[in-house]
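The values are calculated or read from the model by the stated rules, or taken from the named source; none is laboratory data. If you're wondering where the values come from, they're calculated on a predicted model, not measured in any experiment. Neighbour counts run over all protein chains shown; Cβ positions are idealised from the backbone, glycine included.
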Amino acid sequence: MMFLLLSGFLLLVAQAFIGSQAAVWVLAGSQLALLAGQIRKGQVSGVGGFIFMAFLFFSVRPIYMVLEKDYKLFTTTFLTRVDMTEIGDAMWWATAGLLCFALGAFAAPRINKKWLHRRKQAAHAITHQSLVSAKICYGMMFFQLLTLPIMLVLSGMGRTLYRSGFGAYAYDLPVPLQAVHIITIIVLLERCLRTKTFQSTIMLGISGLLFLSFTWLMRDVTLFRGFYIAGVMIVGIAALQRMRGRVGYAWLVLPVALLQPFFQYLGGTRTLQNEQLAEQGLVDAVFEDQTLGEAYWNFYRSNGDMNIFDTFVAAKKAEPEWHPYAWSWLYVPLHFIPRALWEGKPKNGTTQDFTYARGAPYSPGIVGFFLLDGGLIWMLGSMAFLGFLIGTLDGWVFTLPRGYVQYCLIGIVTVNAMFLTRFFLWQYFYQMLYAMIPIMVLAWWFGRSAKLSAASARNQKRSMGAARA
């Protein structure tokens, strides 16, 4: 609560400095206070992941913008001019939206108090997770191997896959397949930690190599790095959750911060196929014509991937011809309907008026989508509701029994919330759904197999006892 109050206080203070660089620094402090509140909890979550990425987009990028006078996108893409007052005002509203998100998340466990208490009691009643049998582990590794030729076929279609006759359904197929790789690694990690045998270590190593090979092939079907990098981040968080029992924000913030030049390199080479990318020297390409410090600082240039704030400013200056209001929320379950059955389905799932972007493939962030949906007040209310939903989702995940499902879902919820800062609602929903369902189905199967094995052992024991009698 203290960090929420501090954030709100700084937000009010910043209003007095709108039009000067001081406002940018005060507003960055307001957002940083929200992030500090999550860091203090010592456990990554969907809410914390969202606030962390929002801080990079809506604090670090504006700081770079005003210090380097980097307003290039406004004059070359959005064909508009902005002054310091408009920059400060847009950042103020983006910060207000993030504060509303944090308030919604803060309210979630208090509103859901009784439900979460019952879930905690049920979770505590389950004290032991059965070890998955070696037979099933080998079967899962064999499935990992089978996914490679499937991915080779999909990657052979290249970046045209999304526009093929299979459309988004074929494009999204790698996500649930990668989810099977993820839970396989966590299952084998559990086996390795509990049995401590050379065989289990080798199995884990082979599974990891199969996962990395599959993820590498995923890159050939998309221009979006989060499509394949998400799985790597999820595996890391899930493994740490199993080994440490809790994943602090250092494990989230430091890797993202340290690898920023590498992420920029992947963005700059997104049009290259894997074979072309492999021919380049990684270190030379990442730090070409710039020092190490410049590589990190220039990550926030307008021609990079951190231009969410620029697009948000342009969205705030725009005058949409229509406001869809709740349509972007209602569209989420409807997005799964094939275009062949829905002639008027929004192109690319876009429900807002994006004419101000002049065809540029830029995102104003989820806060900008809400702004275009219904204006500033609608934006604040939608961000509060979104925070409540993600806070509730966090509550559900953290009251699951400790085990494969919880470890994986903590990673899935955290990483996808990071991407939600720049996603449409439907993108976030389906990316999570496609990753969660295979993991939950497999975990149910593990539990069922363990119960059947236990029942068979009991029956065999009874039969032996009856035979002795």
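Tell me which residues, restricted to segment 373-407, are more than 20 Å from the chain's Cα centre (by Cα), surrounded by fewer than 24 Cβ atoms within 10 Å (Cβ to Cβ) and farther than 26 Å from Ile126 by Cβ.
Asp373, Gly374, Gly375, Leu376, Ile377, Trp378, Leu380, Gly381
Restrict the check to segment 131-139 and report whether at least one residue is charged (D, E, K, R) and under 27 Å from the mean Cα position of the chain (by Cα).
no
Among the residues of segment 119-129, is there at least one that is in a helix (DSSP H, G or I) and closer than 25 Å to Ala384 by Cα?
So far as segment 119-129 goes, yes, one or more of its residues are in a helix (DSSP H, G or I) and closer than 25 Å to Ala384 by Cα.
Leu116 - would you say it is farther than 17 Å from Gly368 by Cβ and of a type in the set (A, V, I, L, M, F, W, C)?
Answer is yes for this residue.
Mind checking which residues of segment 184-203 are over 20 Å from Leu409 (Cα atoms) and surrounded by 21 or more Cβ atoms within 10 Å (Cβ to Cβ)?
Hit for segment 184-203 is Met203, nothing else.
For segment 92-100, check the following and say yes or no: at least one residue is crowded, with 23+ Cβ neighbours inside 10 Å and hydroxyl-bearing (Ser, Thr, Tyr).
yes
For segment 388-410, how many residues meet the condition of being at pLDDT below 95 and small (Gly, Ala, Ser)?
Total meeting the criteria: 2.
If you scan segment 226-257, which residues turn out to be in a loop (DSSP other than H, G, I, E, B) and surrounded by fewer than 16 Cβ atoms within 10 Å (Cβ to Cβ)?
Selection gives Gly245, Arg246, Gly248.
Scan segment 296-353 residue by residue and report those that are surrounded by 16 or more Cβ atoms within 10 Å (Cβ to Cβ), over 30 Å from Leu258 (Cβ atoms) and acidic (Asp, Glu).
The answer is Asp353, and nothing else.
I need every pair where a residue in segment 298-316 that is more than 14 Å from Phe74 (Cβ to Cβ) has its Cβ under 6 Å from the Cβ of a residue that is among the aliphatic types (A, V, I, L, M) and assigned to a loop (DSSP other than H, G, I, E, B), sequence separation at least 6 or different chains.
Within 6 Å, the pairs are Tyr300/Met306.
Can you name the condition, by its number, that Trp444 falls short on among (1) of a type in the set (Phe, Trp, Tyr); (2) in a helix (DSSP H, G or I); (3) over 22 Å from Cys137 (Cα atoms); (4) modelled with pLDDT under 90?
Every condition holds for Trp444 apart from (3).
Report, by residue number, each residue of segment 1-56 that is over 18 Å from Leu103 (Cβ atoms) and assigned to a loop (DSSP other than H, G, I, E, B).
Ala16, Phe17, Ile18, Gly19, Ser20, Gly42, Gln43, Val44
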